[in-house]
Amino acid sequence: MLEVRHLTTLLAIEEAGSLMEAAERLHVTQSALSHQLKDLEGRLGVELLVRRTRPVRFTTAGLRVLTLARDVLPRVQQTEREVKRLAAGQTGRLHIAIECHSCFQWLMPALDAFREHWPEVEMDLSAAFSFAPLPALVRGDLDMVITSDPVENEAVKYLPLFRYELVLAVSRQSPLAASKWIEPEDIADQTLITYPVERERLDVFTAFLNPANAEPAAIRTAELTPMTAQLVAAGRGVAALPNWALTEYTEHDLLKTVRLGEKGVWRTLYAAVRVEDDHTPYMQEFWETAKELCFKTLSGVRAVKGS
């Protein structure tokens, strides 16, 4: 009566806290998810969820099935990994470069989790802030590039990780802190703090300021996100960063965030790989591991439809 997909669904509902967010994670409609749940409850003859609460609350019967999911699914996933190793061999190479300064926050735990299951895969990580990584990927010097700036290339496939909103970090005392959103010209009298890379590789310029022919009053750079956050909190400037990279600072009320434009600036983070490596088992598993970890640990990220 119970199937793996049922257990996966219940675990997703527990982690997401609602049917809508669980459906997004599972890449199905909320209607389809509700139908699957009702079908399962019909088979078992008992309700599994109390749907009127938020987050969704499991009934006693639902908790029993959820316990089974927690026990069974890791064993199923482990068996799948072992079969993948048998099919692909236990050796390989995964040299990764990142174009996202904030990505170390989730990438390092993802690498640690991946190493546990693929210990024989040779791994290397470099920051692609001083060179163009995509040509290196095509040449074979790299095996994966983490980027939010896909460049069309028939030799490269972009595997979407998640969508995130680029927001403006401002000090609590800033006049901008009370705004629901800002327009590009609102930065004209501000010092913009950025990472030390070309402005052509900064989303705040390419997606927000450049289309409006707007410029900040001044630009200063900072190497690390914590350094940038401290400068912003001290009123030394403003910074455009991913929403999830600022969660710990906003939760402690160290600074405020403001939307860029009424609809916001949303970007997608990708894992770029060579086309011929797209279906390599350990490449696929790293992508899946990274996505799973991101949705568990990062706030404000969204699933990419169809990924």
| query | In a solvent-free Debye calculation with one equal scatterer on each Cα, what is log10 I(q)/I(0) for region 28-148 at q = 0.10, 0.12 Å⁻¹, listed in the order of the q values? | reply | -0.58, -0.74
| Descending semi-axes in Å of the chain, equivalent ellipsoid built from Cα gyration tensor | 37, 28, 16
| query | Given a Förster distance of 25 angstrom, what is the FRET efficiency for E200 paired with A32, based on the Cβ-Cβ distance and rounded to 0.05? | reply | 0.05
| Proximal charge balance of F295 [Cβ under 10 Å; K/R count +1, D/E count -1] | 0
| field | region 237-277, Cα convex hull volume normalised per residue, Å³ | value | 111
| request: Could you rank the peptides 45-57, 5-17 by their average count of other C-beta atoms within 10 Å per residue, with the highest value first? | output: 5-17, 45-57
| Charge dipole (debye, nearest 20) of region 187-252; +1 at Cβ of Lys and Arg, -1 at Cβ of Asp and Glu | 120
| request: Averaged over every viewing direction, what's the projected area of the C-alpha convex hull for region 107-200? Give it in nm², one decimal, please. | output: 9.3
| field | Filter on K256/K291; K38/K296; K263/K305; K157/K296; K84/K291 - keep pairs with C-alpha separation over 23 Å | value | K256/K291; K38/K296; K157/K296
| note | Contour minus Cα-Cα span, T53 to R236, at 0.36 nm per residue, comes to 61.5 nm
| query | Under DSSP H, which helices of the chain have Cα atoms covering 15 Å or more of the helix axis and a Kyte-Doolittle average no less than 0.0? | reply | 4-16
| said: Can I get the semi-axes of region 187-307's equivalent ellipsoid? Compute them from the C-alpha gyration tensor as square roots of 5 times the eigenvalues, in angstrom, largest first. | reply: 30, 18, 14
| task | Could you tell me which Cys residues in the chain have no other cysteine's Cβ under 4.7 Å from their own Cβ, answering none if every one has a partner? | result | C294
| message | Only bridges whose two residues both fall in the chain count here: according to DSSP, what percent of them are antiparallel, nearest 5? | response | 60
| How much mean residue ellipticity at 222 nm does the chain get from its helices, if each DSSP H run of length 4 or more adds -39500 (n - 2.57) and you divide by all residues, to the nearest 500 deg cm²/dmol? | -12000 deg cm²/dmol
| said: Please report the carbon-and-sulfur percent of the accessible area for region 27-126; probe 1.4 Å, protein heavy atoms only, DNA, RNA and ligands left out. | reply: 52
| said: Could you tell me the ratio Rg/Rh of region 175-228? Both radii from Cα atoms, Rh via Kirkwood. | reply: 0.96
| message | Net charge around K180, counting only other residues with Cβ within less than 15 Å of its Cβ (Lys, Arg = +1; Asp, Glu = -1)? | response | -1
| task | For region 1-94, take the alpha-carbon Rg, divide it by the Kirkwood Rh, and send me Rg/Rh. | result | 1.08
| field | GluC sites (Glu not before Pro) within region 139-227: DSSP coil, no more than 15 neighbouring Cβ in 10 Å | value | E152, E154, E198, E223
| query | How many nm separate the modelled label positions at E288 and R5, each set 7 Å beyond the Cα in the direction of the Cβ? | reply | 1.6
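The values are calculated or read from the model by the stated rules, or taken from the named source; none is laboratory data. Fair warning: this is a prediction, and the values are worked out from it, not measured in the lab. Neighbour counts are summed over all protein chains in view; Cβ atoms, including those assigned to glycine, are modelled from backbone coordinates with ideal geometry. Side chains included, ligands, DNA and RNA excluded: accessible areas come from the protein's heavy atoms. Shrake-Rupley method; radii C 1.70, N 1.55, O 1.52, S 1.80 Å.
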